[in-house]
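> Submitted below is the structure of interest, expressed as structure tokens.
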Amino acid sequence: MIHQMAVFERLVDQCSATEPSLSATLFSKPSPFESFTVFVIEASTKPFPPCSIAHHPQFTPIHKSLTLDLPISDPESEKFRSSTMEDDVIVVGFVLFFPNYSTFLAKPGFYIEDLFVRESYRRKGLGRMLLSAVAMGYGRVEWVVLDWNLNAIRFYEEMGADVMQEWRVCRLTSDALQGYAATSGTADDLDCI
């Protein structure tokens, strides 16, 4: 799904994630909500049985039913079959988020790094389900959206999100990050702060 998201966002050239790199950096922390947390949304044509999968004491899996008018045509269903015990469970999306803090509100919140629903399952309410699972009464939830993704912008505005035109995302990566790190900390840099 991460590769599909990179294709959708026209950023394949920047996507270097692999299973081993994700496993080493994302799933090494045992406690959800204290570091990176990933919620996966799964779909099934049959009702889910009572949860037999072990879960963390801070979070119990959420089960919601959504009845669709038409069957979903998913040509990639085998590729995204879940590793749960059920035969027809398909992974359809995910949200990755981590804690942040608002000094203005004096409350903790979350920053959503990625929210993705596979194409066959879009416009069915699943993105809304993922976002509502993250909100959980915190002071603020933030994320960014590409300026050309008008469907997402409209979706976020309809749910009440403020798409903040006056803020810009700043980012140092790769060579620029390494170059800055190697030359920063001089007296000239401190004069600028």
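Any read-out appearing in this document is the output of simple, stated calculations on the displayed coordinates, not a laboratory observation. Note that the structure is a prediction, hence the values are computed from the model and not measured. Here the Cβ positions follow ideal geometry from the backbone for every residue, glycine too, while neighbour counts run over all protein chains shown.
> Give me the net charge of GLN4's neighbourhood, meaning all other residues with Cβ under 13 Å from the Cβ of GLN4; Lys, Arg count +1, Asp, Glu -1.
Local net charge: -1.
> If you stretched the chain out fully between SER35 and ARG123, how much longer would it get, using 0.36 nm times the residue separation minus the C-alpha to C-alpha distance?
28.7 nm
> Also, I was wondering about something else. Would you mind counting up the charge near PRO75? Only other residues with Cβ under 15 Å from its Cβ, with Lys and Arg at +1 and Asp and Glu at -1. Kindly include the intermediate steps, with their values, before the conclusion.
On the way: positive: LYS79, ARG81, ARG118, ARG122; negative: ASP74, GLU76, GLU78, GLU119.
Net charge around PRO75: 0.
> Let me ask something else. What percent antiparallel are the DSSP beta bridges of segment 54-184, to the nearest 5?
Once the DSSP bridges in segment 54-184 are tallied, antiparallel ones form about 85 percent.
> Please give the length that would be gained between ALA24 and PHE8 if that part of the chain were fully extended, namely 0.36 nm times their separation in residues minus their C-alpha to C-alpha distance (nm, one decimal).
3.2 nm
> At 0.36 nm per residue, minus the direct Cα-Cα distance, what do ASP114 and ASP74 gain on full extension? Give it in nm, one decimal, please.
12.2 nm
> I've got another one for you. Using a simple spin-label model with points 7 Å from Cα along the Cα→Cβ vector, what separation in nm is obtained for ASP88 and MET164?
Between ASP88 and MET164, the simple spin-label model gives 4.5 nm.
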